[in-house]
Amino acid sequence: MVETNTIKPAAVLHLAGFRNTQNLTWQGPHDSIAYDQEGIRKCLLDLDQPVYLVGEPEALGVTRQGRLESSQNGKFGGTLPGYMMTQALPLQTLGDPDFISAYGTRYAYYGGSMANGISSEQMVIELGKAGFLGSYGAAGMTPARVEAAIQQVQKELPEGPYAFNLINSPNEPALEHRAVDLYLKYGVTLIEASAYLDITPALVYYRVAGLSQTPAGQIQIKNRVIAKISRKEVASLFMSPAPQDILNQLVAEKKISELQAGLAHQVPMADDVTVEADSGGHTDNRPLVCLLPTMIALRDELQEKFQYAQTVRIGAAGGISTPSSALAAFIMGAAYVVTGSVNQACVESNACEYTKKLLAQADMADVIMAPAADMFEMGVKVQLLKRGTLFPMRAQKLFELYTHYNSIEEIPLAEREKLEKQVFKRSLETVWQDTVKFFEERDPEQIKRANGDPHRKMALVFRWYLGLSSRWSSSGEKGREMDYQIWCGPSMGTFNDWTRGSYLAEPQNRHVVDVACHILTGCAYLYRLQALKLQGLRVAPALEYYRPEKPL
């Protein structure tokens with residue numbers, strides 16, 4: 001007779017070298033104990049209740065009921081031995097509670113901004129209604145378009161939470177100033193500052209214009225800043241007070257008062273610093289496990305120096321796309337976590353359906369660095385999806401031509417014809433005419449400077465392609481699929497691996513709030529599981545993972 005193999009309870013949970021030295025006993029209803037994998041998983045996912053490991057060594061189970069207590073003289077009196085427990089862990093307890101209270105959210109998690117409105121009004125609104133912070137992707141948008149977004153978001157989220165992006169524009173400073181003017185006009189009290197290499201007058205104006213003092217002498221900060229950085233020298237600037245020379249300039253221009261300039265010495269430039277590791281878009285490709293502890297140590301050093309009333313919080317971004325990555329960030333001390341690439345593939349994203357499908361097929365290795373549109377002349381690069389598009393190679397070719405020649409006229413005729421036919425798909429003269437029309441609305445000063453500088457004119461012509469390529473990806477421009485510029489980090493591939501075989505594998509099922517809830521729920525599940533494992537528990541491999549089986 002052949003015996004059928006069955007999974008015994010001991011194969012699901014067992015103890016490795018654990019000794020019940022405290023002589024713990026568990027008191028509670030025996031029918032509440034789960035011995036099977038699904039029952040154990042269900043207990044661990046009930047995050048509002050503690051979980052106890054109980055039973056005999058050969059038949060261990062978990063329960064959410066009862067209590068552990070010390071037995072008398074090692075005798076259990078008919079009750080079951082108890083071994084260990086893990087505390088309740090509601091999602092609201094992950095991260096720094098000060099982040100939650102500062103921005104009126106339920107969770108220490110936010111959806112980061114993605115330029116050209118990819119992190120759309122709808123995305124920000126859906127996140128806000130569910131208790132998550134979302135940042136609107138204002139970079140690359142016209143002032144009129146940003147103004148319309150502000151009005152829509154404020155209508156749907158009159159009490160917040162929401163943020164708007166403010167991107168550093170070293171080649172177009174007028175755009176940064178116009179964005180700040182809009183934010184101050186409409187009372188946008190939280191911005192996400194990104195791609196900054198230095199502190200600018202526009203940024204200081206936004207920050208300091210919101211400072212005031214109570215009758216008791218306490219400083220009130222109305223305009224809050226979350227800085228997204230990846231370099232220590234830049235982080236140090238945001239964790240320090242505003243530069244004195246800029247404060248003097250703003251006082252002279254009567255944009256801020258003498259009192260506000262004085263108060264600025266007592267507060268950092270940012271309330272929060274988001275440490276951006278290997279991410280999509282602007283990135284230095286730094287590993288989070290090295291970058292985050294370094295920034296936390298820098299924060300502590302500067303806090304000791306400046307003695308701020310409120311310590312700068314440090315969050316984690318770049319690579320956050322699964323429960324495991326979120327858990328790693330929180331364990332390393334992140335006050336909050338930020339997602340980006342994974343949100344671009346969600347229903348609420350302003351990316352077109354074609355782009356979302358490409359993102360849903362991406363692997364970790366399907367990314368590449370290519371020249372950035374906004375900092376093209378400086379040689380700055382962004383991380384992009386290379387699967388299904390020729391944009392990265394074509395953008396790199398444009399940068400090589402820019403560095404080798406001083407004007408469009410110097411480019412060999414054969415090379416120019418190839419550009420017009422394969423990349424621009426129109427004459428370079430026509431592109432220049434379009435460029436002039438574009439900057440007449442956006443920043444006329446750019447055209448004046450280019451008319452006297454052939455090399456700068458070449459840069460603006462090349463940026464025509466670099467800038468439009470990301471918009472083609474959003475609008476789904478037909479015939480331009482091979483030119484789509486799709487910002488993407490390796491975390492997109494990790495997310496696809498995690499969701500493979502689940503309902504979230506399909507782009508039409510990816511909703512930004514649902515994704516956020518699964519990442520945090522899985523994070524809490526794994527945290528509790530690891531807490532038990534650190535005490536000596538060993539579990540069946542199937543329990544080691546959290547899978548998004550259905551919408552939350």
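The values are calculated or read from the model by the stated rules, or taken from the named source; none is laboratory data. None of these values were measured; they are calculated from a predicted model. No Cβ is skipped: glycine too gets one built from the backbone with ideal geometry, and neighbour counts run over all protein chains shown.
Applying the criterion of being touching a strand residue (DSSP E or B) at 6+ places or on another chain (Cβ under 8 Å) and among the hydroxyl-bearing types (S, T, Y) to the residues of the stretch 214-244, the residue that is surrounded by the fewest Cβ atoms within 10 Å (Cβ to Cβ) is T214. Scanning the stretch 424-446 for residues that are in contact with an Asp or Glu (Cβ under 7 Å, 6 or more places away or on another chain) and in a helix (DSSP H, G or I) yields L428, Q446. Output yes when any residue across the stretch 493-503 is of a type outside the set (A, V, I, L, M), more than 21 Å from the chain's Cα centre (by Cα) and either buried (at least 21 other Cβ atoms within 10 Å of the Cβ) or outside any loop (DSSP other than H, G, I, E, B) (or both), and no when none is. Yes; the residues of the stretch 493-503 include at least one that is of a type outside the set (A, V, I, L, M), more than 21 Å from the chain's Cα centre (by Cα) and either buried (at least 21 other Cβ atoms within 10 Å of the Cβ) or outside any loop (DSSP other than H, G, I, E, B) (or both).
Would you call S407 touching a residue at least 40 places away in the same chain (Cβ under 8 Å), of a type in the set (G, A, S) and either farther than 25 Å from I167 by Cα or surrounded by fewer than 17 Cβ atoms within 10 Å (Cβ to Cβ) (or both)? When the stated conditions are applied, S407 passes them. Of the residues contained in the stretch 268-281, none is found to be surrounded by fewer than 18 Cβ atoms within 10 Å (Cβ to Cβ) and in contact (Cβ under 8 Å) with a residue 12 or more places away in the chain. Scanning the stretch 292-318 for residues that are outside any strand (DSSP E or B) and either β-branched (V, I, T) or buried (at least 24 other Cβ atoms within 10 Å of the Cβ) (or both) yields a total of 6. The single condition among (1) under 18 Å from the mean Cα position of the chain (by Cα); (2) farther than 30 Å from D96 by Cβ; (3) of a type outside the set (G, A, S) that V342 does not meet is (2). Among the residues of the stretch 393-420, those identified as hydroxyl-bearing (S, T, Y) and out of contact with any strand residue (DSSP E or B) (no Cβ under 9 Å at 6 or more places or on another chain) are T403, Y405, S407.
Mind counting the residues in the stretch 263-291 that are in a loop (DSSP other than H, G, I, E, B), touching a Lys or Arg at 6+ places or on another chain (Cβ under 6 Å) and charged (D, E, K, R)? Residues that pass the stated criteria total 1. The selection criterion, being surrounded by fewer than 21 Cβ atoms within 10 Å (Cβ to Cβ), under 21 Å from the mean Cα position of the chain (by Cα) and either in contact (Cβ under 8 Å) with a residue 12 or more places away in the chain or farther than 21 Å from T274 by Cβ (or both), holds for L157.
From the list E258, E304, E233, pick out the single residue that is modelled with pLDDT of 95 or more, closer than 30 Å to S470 by Cα and not hydrophobic (A, V, I, L, M, F, W, C).
Of the residues listed, the single one that is modelled with pLDDT of 95 or more, closer than 30 Å to S470 by Cα and not hydrophobic (A, V, I, L, M, F, W, C) is E233.
Checking the stretch 246-262 against the condition returns no match, with no residue being in contact with a Lys or Arg (Cβ under 8 Å, 6 or more places away or on another chain), among the aliphatic types (A, V, I, L, M) and either assigned to a strand (DSSP E or B) or in contact (Cβ under 8 Å) with a residue 24 or more places away in the chain (or both).
If the condition is being of a type in the set (D, E, K, R), over 26 Å from E477 (Cβ atoms) and in a helix (DSSP H, G or I), then the stretch 447-461 contributes K448, R449, R456. Quickly run through the stretch 510-552 and pick out the residues that are closer than 22 Å to D366 by Cβ and free of Cβ contacts under 8 Å to residues at least 60 places away in the same chain. Selection gives P548 alone.
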